[in-house]
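A short write-up of the structure that comes next.
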Amino acid sequence: MRGDELRSRVLEEARYFVNTQSTVRETAKVFGVAKSTIHKHLTKQLPTYNPSLAGKAQDLLKENMNERAFRGGIATKIKYLMKKH
């Protein structure tokens, strides 16, 4: 992939991620790439292309990380409640 194509793709993915307030997993599914690719684009390449957007993406990544523990706890609780019945 050429440099300008990569830049365009990284910016498109980042705009989608921030504007939809989605997760890395959801964004990867929309763009048909691996989660690790999205994460790399958002954390390593985006700051070079658009520092302002990179800051917003970083904030959302942190928010998603904090919510992940909470969502995992709820899923575990539901799993065990279902086993009781």
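Since every read-out is calculated from the coordinates, none of them should be taken as a lab result. If you're wondering where the values come from, they're calculated on a predicted model, not measured in any experiment. Neighbour counts run over all protein chains shown; Cβ positions are idealised from the backbone, glycine included.
In the range 5-31, what count of residues is obtained for those that are assigned to a helix (DSSP H, G or I), crowded, with 16+ Cβ neighbours inside 10 Å and either in contact (Cβ under 8 Å) with a residue 24 or more places away in the chain or in contact with a Pro (Cβ under 6 Å, 6 or more places away or on another chain) (or both)? Of the residues in that region, 9 qualify. Contact map, the range 48-59: first residue within 15 Å of residue 27 (Cβ to Cβ), second residue assigned to a loop (DSSP other than H, G, I, E, B), Cβ cut-off under 7 Å, separation 6 or more or different chains; the map is empty. Filtering the range 33-47 to residues that are in contact (Cβ under 8 Å) with a residue 24 or more places away in the chain and of a type in the set (Val, Ile, Thr) leaves only 38.
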